[in-house]
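To keep things clear, I will list the structure first and then write my remarks on it.
Any read-out appearing in this document is the output of simple, stated calculations on the displayed coordinates, not a laboratory observation. On a predicted model such as this, the values are computed, not experimentally measured, just so you know. Cβ: placed from backbone, ideal geometry, glycine included. Neighbour counts: every protein chain shown.
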Amino acid sequence: MDPVGTLLSIAHVLNRANTLYTSCKAAPEEIRLAADHIHTLALVLEGVKADLAKNRHSFVYQNTHIATTRIQDLKQHIGHCDASLKRMEALVNKYMGWKKNGGVGLWERYKWSTEGKKEIAECKADLVLCTNMLDMFLSKVGLNVLWKIESMMEVVMKRFDALELVQSHAQAQQTETMRPRNGSNVGHLLVVSLIISRMRMVLTRYRRRKMGKKPGPTKPTNTGPGPRRPKPVTRVSSGFAPSQVRNKMLESYASTIANASITTPKKPQRARTPSPDFYFDRGSTKANMDVFPKPVRRSSSMQRLLGTINAQTQNRKPQTEHYECWRVGSGKVAFGAKLPMQYVSHKRGQMQLRKMAAVFKEASQFDARALNEQDARVKAILKEKNGRERNKGTHRKWYLVAGRVIKRDCGRSGMVSVDRAMVILVRR
């Protein structure tokens, strides 16, 4: 694979993804919902461009057999991403053409027709599928970025929820003398706490290493007879370089996850009830009072009671559902023998897995690529997962949420055919 051609092809597909992402924002709601998936695909493609195409030490610039196989796989994934983007681009151009000619009503009729629903659902499903397949390929070489940022954002959002719960509990215990805090510095405190915890962890590791070393000159350990352990003379650079474009895309992706997360509603602030003599005649004797009549304050006990009730209603129940994504493969030899099932886990955030399941469910109503619980691959993975739950005694069970067939791979020799599918499971 030519590195220059690789760079040009990835840049071309990435440019198409960015252009399509901008176009989807001005499209109707049915297409605008696919903008998040296009943004995710653009982020993965930017990682391929920065870590593989521009990295002189990556397998793209190597001539080994393993590198050749990986290059062929990367070609296929880039081709699938380009095909899915072209399909979504054709759908957006169809809407833009009708809008330009004043035929918005044609789009309204098209999106409610069976053909329109099928095309929209399949376009989004193909985008999700090719994005996850490319991310799974990058995870083999340790370059998966989506899981790292999604898992980090889940931890941060959990801490935010805990801080909001503490803040609501503190508001429930307010009295007349306590001042409510309107401009809270919770965000700054959270960032500072994360930095301090990171620094403490690094300092603890450094101290442990220093304590393990004894004072005085170190003695060589390989002075005895026999072969010596080879020591590296120089260090080889990994070739990774910082990318400002990807950093901006990561920040945008993190903000999208944070904005899409469910936030706890704030306690409504009710107006205080004024006293009966609030509206008085300034010409009367009451106008000569030294103290201006103030609104009647509610009792502190009533404030604590209302605050406790609101805190209990705002407190969300912990999520008992856990989603997982798996790639299942069933192989068959040319002369009829079946091979054992193969399962590969694909790590993604819980919110992203729910969105993927919704897209696959919508597409399953119109095509035959959807999987159900009667499929042999689904039965096999559910049997194994539920067997582990029974052995652990957790009294929980795994169910199929959605599944979609990827492709049938016959290999280079054609002697073994493998049917691959992606399934999303939930544990309740």
Checklist line | Distance between modelled label sites at LYS140 and GLU251, nm, 7 Å Cα→Cβ extension | finding: 3.5
Next item on the list: Using DSSP to define loop residues, name the GluC sites (Glu not before Pro) in the range 323-428 whose beta-carbon has at most 10 other beta-carbon atoms within 10 Å.
Entry: GLU373
Check: What residues of the range 356-374 lie in the reach of a label at GLN76, counting those whose backbone N is under 11 Å from a point 7 Å from the Cα along Cα→Cβ?
Finding: none
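Ranking LYS124, LYS338 by Cβ neighbours within 10 Å, fewest first, what do you get? Please report the intermediate quantities before stating the final value.
Numbers: LYS124 27, LYS338 10.
In order of increasing Cβ crowding within 10 Å: LYS338, LYS124.
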Check: What fraction, in whole percent, of alpha-carbon pairs in the range 3-143 exceed 26 Å separation?
Finding: 31
Item checked: FRET efficiency, 1/(1 + (r/R0)^6) with R0 25 Å, evaluated for ARG428 and LEU33 via beta carbons -> 0.45
Check: Summing Lys, Arg as +1 and Asp, Glu as -1, what charge do residues with Cβ under 10 Å from the Cβ of LEU371 carry, LEU371 excluded?
Finding: +1
Note to self: Neighbour counts of other C-beta atoms within 10 Å: give me TRP112, TRP107 arranged from fewest to most.
What the structure shows: TRP112, TRP107
Notebook entry, point to check: For the range 322-427, what is one quarter of the convex hull surface built on the Cα atoms, given in nm²?
Noted result: 7.6
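Could you give the length gained on full extension between GLU384 and LYS100, defined as 0.36 nm per residue of separation minus the Cα-Cα distance, in nm?
Values: separation 284, 0.36 × 284 = 102.24 nm, distance 5.42 nm.
Here the segment from GLU384 to LYS100 would lengthen by 96.8 nm.
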Check: What residues have an amide H closer than 5 Å to that of LYS397, excluding those fewer than 5 places away on the same chain, when H is modeled at 1.01 Å from N in the peptide plane?
Finding: ARG428
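Where does the range 90-159 land on the Kirkwood hydrodynamic radius, alpha-carbon pairs, in angstrom?
Details: mean 1/r = 0.0659 Å⁻¹.
Over the range 90-159, the inverse of the mean reciprocal pair distance is 15.2 Å.
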